[in-house]
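Q: My questions will all concern the structure given below.
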Amino acid sequence: MKNFKTYLQADKDRVMALMESSLRSDIDLLMRCNRHILEHEGKQVRPAVAILIARAVAGDVTEDTIRFSAAAELIHNASLLHDDVADSSSTRRGVATVSSLLGPRPSVLLGDFWLVKGIARILEGDKNASRVMGLFSKTLSDLAEGEMLQLEMAESGKTTEKEYYRIIYDKTATLFETSALAGAISVGATPEQEAAASEYARCVGIAFQIQDDILDYFGNEAMGKPVGQDLKEKKITLPLLGAFKADAAQEQKIREMISNIGPESIDYIRNFVLEKDGVGYAKAEMEAYLSKAVKALDVFQDGKPKEYLIKLAAYIGNRNK
Ligand code: FPP
Ligand code: MG
């Protein structure tokens with residue numbers, strides 16, 4: 001991924017500079033929280049997707065590409081600041097969350113601040129600001145609905161694949177899709193190119209979340225991702241749904257265990273998923289989405305951006321953090 005990083009560096013620096021200037025405030029507590037997040041920025045996959053799509057369409061980026069990419073990353077971080085409160089998470093990206101360091105209130109308020117700064121960047125778009133704002137509004141509504149459905153399902157213990165896929169589209173793939181489409185729009189893509197960008201990013205987003213859910217079962221804690229969190233939160237994800245397919249006889253019992261989850265049942269369920277190769281099932285589904293994503297790129301000319309979009313899809317399937 002070294003060449004990939006080098007290729008994107010100049011564009012990413014512009015995105016980061018715009019994020020930092022957007023977040024400036026004279027409130028000391030707010031700046032302390034900002035610094036904490038900015039110093040532990042994540043993989044910035046959403047801006048990478050928007051930039052690579054813009055480059056695949058037009059060979060270059062515009063000011064709007066940078067604005068929309070910054071908006072995607074600001075909104076993504078805003079959703080995580082809210083999510084860490086909702087999930088009472090003490091760590092993210094291997095470091096303490098704002099919520100655990102300073103409390104849930106600063107985390108929610110900081111999330112609000114990052115969210116509106118993202119919206120402000122979209123509204124500054126030279127062209128198509130209102131269309132792109134409409135796309136991000138739909139995505140924000142998906143995020144909230146996905147989180148609500150996830151809560152409802154955790155309560156009932158009845159998640160099936162249908163609800164699982166709705167949840168992961170809403171909580172993850174929708175923002176990938178909108179980031180890619182905004183990147184395409186920022187350089188005047190054709191409707192065919194727009195559709196390809198959306199399809200690529202939707203599939204990559206779904207694959208990204210499936211891999212996240214696999215890592216929650218058998219990831220490497222040292223890479224900064226706590227393991228076993230989803231079961232603690234009563235979330236039924238694809239590795240377990242895959243194991244149910246292999247052994248339906250145990251399904252009811254395990255669903256009941258999840259409603260009263262404790263450390264022993266977590267070990268039992270992880271063993272069940274291991275024995276029934278639920279991860280193999282989830283990986284196969286993920287690979288199918290990644291192949292679909294790569295196929296969608298056929299409409300773009302061969303060249304570096306397309307090559308890196310393909311590499312990005314492969315990286316998502318192999319990532320360990
Ligand atoms: C992480 O999932 C959570 C999300 C990707 C979306 C969170 C969305 C909201 C809280 C809706 C409100 C958002 C805004 C901007 C108003 P996870 O908990 O499964 O993964 P994790 O391990 O990264 O926490
Ligand atoms: Mg969470």
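Q: Give me the helices (runs of 4 or more DSSP H) completely within region 1-78, filtered to those with at least 3 residues that are under 30 Å from THR190 (Cα atoms) and at pLDDT 95 or above, ordered by residue number. If you could, list the steps in order and put the result at the bottom.
A: Working: elements: 2-22, 28-39, 45-58.
Passing ranges, in order: 2-22, 45-58.
Q: If we scan region 160-168, do we find a residue that is part of a loop (DSSP other than H, G, I, E, B), surrounded by fewer than 22 Cβ atoms within 10 Å (Cβ to Cβ) and more than 16 Å from ligand 2 (Cβ to nearest atom)?
A: Yes, region 160-168 contains a residue that is part of a loop (DSSP other than H, G, I, E, B), surrounded by fewer than 22 Cβ atoms within 10 Å (Cβ to Cβ) and more than 16 Å from ligand 2 (Cβ to nearest atom).
Q: Then there's this: Considering each residue of region 80-95, count those that are under 12 Å from GLY42 (Cβ atoms) and either more than 7 Å from ligand 1 (Cβ to nearest atom) or among the small types (Gly, Ala, Ser) (or both), and give that number.
A: Residues flagged as under 12 Å from GLY42 (Cβ atoms) and either more than 7 Å from ligand 1 (Cβ to nearest atom) or among the small types (Gly, Ala, Ser) (or both) within region 80-95 amount to 3.
This table checks each residue for (1) of a type in the set (D, E, K, R); (2) modelled with pLDDT of 95 or more; (3) surrounded by fewer than 23 Cβ atoms within 10 Å (Cβ to Cβ); (4) under 19 Å from the mean Cα position of the chain (by Cα).
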residue: GLU192; (1), (2), (3), (4): yes, yes, yes, no
residue: ALA197; (1), (2), (3), (4): no, yes, no, yes
residue: TYR200; (1), (2), (3), (4): no, yes, no, yes
residue: VAL204; (1), (2), (3), (4): no, yes, no, yes
residue: GLN209; (1), (2), (3), (4): no, yes, no, yes
residue: GLY219; (1), (2), (3), (4): no, no, yes, yes
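Q: Return yes when ALA284 is at pLDDT 95 or above, surrounded by fewer than 19 Cβ atoms within 10 Å (Cβ to Cβ), farther than 30 Å from VAL57 by Cβ and out of contact with any strand residue (DSSP E or B) (no Cβ under 6 Å at 6 or more places or on another chain) and no when it is not.
A: yes
Q: Determine which single condition THR65 fails, assuming it passes every other condition in (1) more than 11 Å from ligand 1 (Cβ to nearest atom); (2) under 16 Å from ASN34 (Cα atoms); (3) touching a Ser or Thr at 6+ places or on another chain (Cβ under 7 Å).
A: With respect to (1) more than 11 Å from ligand 1 (Cβ to nearest atom); (2) under 16 Å from ASN34 (Cα atoms); (3) touching a Ser or Thr at 6+ places or on another chain (Cβ under 7 Å), THR65 is out only on (2).
Q: While we're here: From the set of residues in region 107-150 that are farther than 30 Å from GLU63 by Cα and free of Cβ contacts under 8 Å to residues at least 24 places away in the same chain, which is surrounded by the fewest Cβ atoms within 10 Å (Cβ to Cβ)?
A: Applying the filter and picking the extreme gives MET148.
Q: In region 208-255, which residue that is among the acidic types (Asp, Glu) and in a loop (DSSP other than H, G, I, E, B) is nearest to ligand 1 (Cβ to nearest atom)?
A: Result: GLU233.
Q: Need pairs with beta-carbon distance below 7 Å; first residue within 15 Å of GLU155 (Cβ to Cβ) and within region 249-274, second assigned to a helix (DSSP H, G or I); sequence gap 6+ or separate chains.
A: Final answer for the pair search is ILE258/LEU231; ILE261/LEU231; ILE261/LYS232.
Q: Quick one: count up the residues across region 91-103 that are over 23 Å from SER22 (Cα atoms) and outside any strand (DSSP E or B).
A: Number satisfying all stated conditions: 4.
The values are calculated or read from the model by the stated rules, or taken from the named source; none is laboratory data. In this text, all values refer to a predicted model and were calculated from it rather than measured experimentally. Note that each Cβ is placed from the backbone with ideal geometry, even for glycine, and that neighbours are counted across all protein chains shown.
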